[in-house]
1. Please find the FRET efficiency linking residue 100 to residue 80, where r is the Cβ-Cβ separation and R0 is fixed at 25 Å, and quote it to the nearest 0.05.
2. Going by Cα centres, the range 38-73 and the range 106-134 are how many Å apart?
3. Compute the Rg/Rh shape ratio of the range 55-107: radius of gyration over Kirkwood radius, all on alpha-carbon atoms.
4. Taking the range 58-134, which chymotrypsin sites (Phe, Trp or Tyr not before Pro) meet the DSSP loop condition and have no more than 10 other C-beta atoms within 10 Å?
5. Which entry is the computed volume of the Cα convex hull per residue in Å³ for this structure: (i) 96; (ii) 129; (iii) 204?
6. Counting only heavy atoms of the protein chains, get the accessible area per residue of the chain (1.4 Å probe) and round it to a whole Å² value.
7. Under the rule a/c < 1.5 gives rounded, and otherwise a/b versus b/c splits prolate from oblate, where does the range 88-133 land using the Cα gyration tensor?
8. Carbon and sulfur atoms: what percent of the 1.4 Å accessible area of the chain do they account for?
Amino acid sequence: MKKHIFTIFTICNMLLIFYFSSQNAEQSTQTSAWFLQFLPFSMHIVRKLAHFTIYAMLGFNTFYMHKNYGVKHSALYALVTCILYACSDEWHQSFVSGRSPQITDICIDTCGALSSLILLNIGLIRWKSSQKAL
């Protein structure tokens, strides 16, 4: 079960993204407005932060999913997985009332995933070097 936990997390992460993308324009605005009560930002920034954050989580989950299955170059495969999912997510939005696909959202999604993967790799390199020092 431990080996499969990040597969479950990845699927749940993807389902959450799909759920948010399935919301029509009015529902999406209401969801973003709810977050505005906690964050002192504009609606536009809240939406872009949401893209960045949820794909950072997806990058983390897909990295460990691939790593747990012994995939070499897990970070690269995780990044490709996230980019492909971001593209499919934007395509999916083209079918939702009041929503449209945005290439900028794919770029923000990619930056979120890439950021988490870079931080993960820096952390893993530091952890491995500290283990060698012991």
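1. E between residue 100 and residue 80, to the nearest 0.05, is 0.50.
2. Each part reduced to its Cα centre gives a spacing of 13 Å.
3. Answer for the range 55-107: 1.10.
4. Of the chymotrypsin sites (Phe, Trp or Tyr not before Pro), the ones in loops of the range 58-134 whose Cβ has at most 10 other Cβ atoms within 10 Å are 95.
5. Computed from the coordinates, volume of the Cα convex hull per residue in Å³ corresponds to (ii).
6. 63 Å²
7. prolate
8. Carbon and sulfur together cover 71 percent of it.
The values are calculated or read from the model by the stated rules, or taken from the named source; none is laboratory data. Predicted model, so just to flag it, every value in this text is computed and none were measured. No Cβ is skipped: glycine too gets one built from the backbone with ideal geometry, and neighbour counts run over all protein chains shown. Calculation scope for accessible area: heavy atoms of the full protein, side chains included, ligands and nucleic acids excluded. Shrake-Rupley method; radii C 1.70, N 1.55, O 1.52, S 1.80 Å.
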